[in-house]
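Written below as structure tokens is the structure these notes are about.
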């Protein structure tokens, strides 16, 4: 049995489904067009920068009981942190999901949650569909009908689809593609690139004119021109001197093609960077702590919140969420701070027992050690280790995590 048939086994399809319509009168369907915007070098560079950094986010299944948060060591955590599906590791999964989301021609990502008959999650799949249609059964349940490029169709409950979207304003279901917004900027960039190419071609094309003092046949003119080029206008003419008799005169042409000013190129690039809330320092990995903090807070952190909320709402039932189950996506921002800042933060927070030994080691990009999950408390220059186990045995049965 292939992967497709395992994910979508042939079974009786849900009947009596109809298209959803909203107050706007629009029919909610989403078509994936050819990624023309994504193929532009500047756009691909920006999307890659965001996806490459956001894919470092670490998904966790956590549970909050009596005010204490703890990580749940279960199969869901393995899927989130290591291998969401047989084809992708966790980094590749997030990279693909976020690339789809930030593609200006898409602005949507739909991830199918594969569950067994008992409702246990077995995997997450960002599907490459060509058309998604939203249906309803008349009693409030919503379904998504996927159509793939090979023509096959499947219908799945919307509650089993993690839906991420950008520019969520004009449609009740989908984020709005930003093709019209970014297209004028990309056209300007394309025109600039073509202008530079044409200027280079022009500057190397016509070097001079042979002016004949008599009337010659066209074939004689062509023959003499070719002979002159062959003998004098090539790399073998090391002396750099040509010779003509009185029947012809060589008139040199000085072409000065107009090149695009470097400031104009910078302005165009900046327009694309601004569209993605980026700057040149982030793109070229020359960022300072301040640059990274701004990038994290304006791009990565909102994405982490969006991922956390959507995964939590679609994976867990209301009862399970009521027992404190949730999914979070987090990143260690201090990894990007300077060594001086790291030392200062650890030193100033030590009296409050905020970090464990392993968390401190992670800040300095060091591997964890055995017994390193104890909290460090430093008072008066002396460090004390706290086991941090208080409350961990509360609700050990994981009640509500169905």
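The values are calculated or read from the model by the stated rules, or taken from the named source; none is laboratory data. Since we're looking at a predicted model, the values are computed, not measured. Here the Cβ positions follow ideal geometry from the backbone for every residue, glycine too, while neighbour counts run over all protein chains shown.
Residue check: residue 209 meets all listed conditions (1) at pLDDT 75 or above; (2) not in a loop (DSSP other than H, G, I, E, B) but one, namely (1). Confirm whether residue 62 is at pLDDT 90 or above and either closer than 24 Å to residue 181 by Cβ or assigned to a helix (DSSP H, G or I) (or both). No, not satisfied.
Considering the stretch 114-136, the residues that are under 23 Å from the mean Cα position of the chain (by Cα) and assigned to a loop (DSSP other than H, G, I, E, B) include one that is surrounded by the most Cβ atoms within 10 Å (Cβ to Cβ), namely 129. You will find that of 278, 307, the residue that is surrounded by 15 or more Cβ atoms within 10 Å (Cβ to Cβ) and out of contact with any strand residue (DSSP E or B) (no Cβ under 9 Å at 6 or more places or on another chain) is 278 and no other.
Let's see how each residue does on (1) surrounded by 21 or more Cβ atoms within 10 Å (Cβ to Cβ); (2) outside any loop (DSSP other than H, G, I, E, B); (3) in contact with a strand residue (DSSP E or B) (Cβ under 8 Å, 6 or more places away or on another chain):
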| residue | (1), (2), (3) |
| --- | --- |
| 112 | yes, yes, yes |
| 138 | no, no, yes |
| 144 | yes, yes, yes |
| 172 | no, no, no |
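In the stretch 1-21, the residues that are assigned by TED's automatic domain parsing to the domain that holds residue 137 and closer than 15 Å to residue 122 by Cα form Cβ pairs under 8 Å with partners that are assigned to a loop (DSSP other than H, G, I, E, B) and at pLDDT 70 or above, at six or more places apart or across chains, as follows: 3/86; 3/87; 4/152. Among the residues of the stretch 324-340, the ones that are surrounded by 13 or more Cβ atoms within 10 Å (Cβ to Cβ) and either outside any strand (DSSP E or B) or modelled with pLDDT under 80 (or both) come to 8 in all.
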